[in-house]
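Asks: Encoded as structure tokens, here's the structure I'll be asking about.
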Amino acid sequence: KAGVTQTPRYLIKTRGQQVTLSCSPISGHRSVSWYQQTPGQGLQFLFEYFSETQRNKGNFPGRFSGRQFSNSRSEMNVSTLELGDSALYLCASSFGSVGYNEQFFGPGTRLTVL
Amino acid sequence: AQSVTQLGSHVSVSEGALVLLRCNYSSSVPPYLFWYVQYPNQGLQLLLKYTSAATLVKGINGFEAEFKKSETSFHLTKPSAHMSDAAEYFCAVSIQGAQKLVFGQGTRLTINP
């Protein structure tokens, strides 16, 4: 069974631009969560989608948004990029949307904002 | 709100020695607890999880953890360290009804030959 895939793996943008990251979950998984990983703040939850609905949201500004499609694939968008948005963005999928479901992580997309 | 504290951002042990990585959690409701490992330039891999069944949980690669409610701890151990265990380890908590992991700051494990 294929794992979680994220595209692109690396991305370089400049301040003020916007970016879209993509995540394809494991087949059969309906929940997709996004996390931001930085050296200073560590791993922080962005949001979770289940059956095309946002179920949970972290404490990030409105510039960070996401969506999920009917095939469970998910995209994350960051508008008006800031230097501080440079991070590794991790996507995780799970079968269900309850706290004990194991989340399977993708390799991440490393975003660099110049 | 839930939170996780990992004691020690860096831990160094000799090959063959005991590995002990500490994790304390805070949760107002029964938590689910996880340990993940991250190798350089990779995503996170689940080592083990506690979901209110047995308090001693065995995971992959010889790791295990014990849930101690009275101490609000979920420390990760491995009897004998191997060079391939060098990585960053994250403890995380979630609660029923919320597919949201709250992570600790991570512990970088170094194995000395």
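Every number here is computed from the coordinates shown, using simple stated rules; none is lab data. What you see is a predicted model; the values in this text were computed from it and never measured. Note: ideal-geometry Cβ built from the backbone for every residue, glycine included; neighbour counts use all protein chains shown.
Asks: For the range B:39-60, what are the residues that are within 11 Å of chain A (Cβ to nearest Cβ), over 18 Å from B:ARG108 (Cβ atoms) and either basic (Lys, Arg) or not in a loop (DSSP other than H, G, I, E, B) (or both)?
Replies: Listed by number, the residues that qualify are B:LEU46, B:LEU48, B:LYS49, B:TYR50.
Asks: Moving on to the next point. Output the residue which, of all residues in the range B:62-92 that are touching a residue at least 60 places away in the same chain (Cβ under 8 Å) and surrounded by 13 or more Cβ atoms within 10 Å (Cβ to Cβ), is farthest from B:VAL4 (Cα to Cα).
Replies: Initially, the range B:62-92 is screened for residues touching a residue at least 60 places away in the same chain (Cβ under 8 Å), giving B:78-83, B:85, B:89-92.
This time we only want the ones that are surrounded by 13 or more Cβ atoms within 10 Å (Cβ to Cβ), so: B:78, B:81-82, B:85, B:89-92.
On the way: B:LYS78: 21, B:ALA81: 24, B:HIS82: 26, B:ASP85: 22, B:TYR89: 13, B:PHE90: 10, B:CYS91: 7, B:ALA92: 7 Å.
Here the answer is B:HIS82.
Asks: Under 7 Å between Cβ atoms, at least 6 apart or on separate chains: pull out the pairs that start in the range B:4-23 with a residue that is on the phi > 0 side of the Ramachandran plot and end on any residue that is buried (at least 19 other Cβ atoms within 10 Å of the Cβ) and of a type in the set (Val, Ile, Thr).
Replies: Sorted first by the residue in the range B:4-23, then by its partner, the pairs are B:GLY8/B:THR107.
Asks: Between residues in the range B:46-58 that are closer than 15 Å to B:PRO31 by Cα and residues that are of a type in the set (Lys, Arg), which pairs lie under 9 Å by C-beta distance while being six or more apart or on different chains?
Replies: Pairs that qualify, where the first residue is closer than 15 Å to B:PRO31 by Cα and the partner is of a type in the set (Lys, Arg), are B:LEU48/B:LYS58; B:THR55/B:LYS68; B:THR55/B:LYS69; B:VAL57/B:LYS49.
Asks: Which ones in the range A:88-114 are under 19 Å from A:GLU75 (Cα atoms), among the hydrophobic types (A, V, I, L, M, F, W, C) and within 7 Å of another protein chain (Cβ to nearest Cβ)?
Replies: Step one: of the range A:88-114, the residues under 19 Å from A:GLU75 (Cα atoms) are A:88-97, A:103-113.
Then drop every residue that is not among the hydrophobic types (A, V, I, L, M, F, W, C), which leaves A:88, A:90-92, A:95, A:104-105, A:111, A:113.
Within the range A:88-114, A:LEU90, A:PHE105 qualify.
Asks: I've got another one for you. Would you confirm, using the coordinates I've provided, whether A:TYR49 is of a type in the set (Ser, Thr, Tyr), within 16 Å of A:THR109 (Cα to Cα) and part of a strand (DSSP E or B)?
Replies: Values: of a type in the set (Ser, Thr, Tyr): yes; within 16 Å of A:THR109 (Cα to Cα): no; part of a strand (DSSP E or B): yes.
Taking the combined requirement at face value, the residue does not satisfy it.
For every residue, the table says whether it meets (1) more than 8 Å from chain A (Cβ to nearest Cβ); (2) not charged (D, E, K, R).
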residue	(1), (2)
B:VAL37	yes, yes
B:LYS69	yes, no
B:ALA87	yes, yes
B:ALA98	no, yes
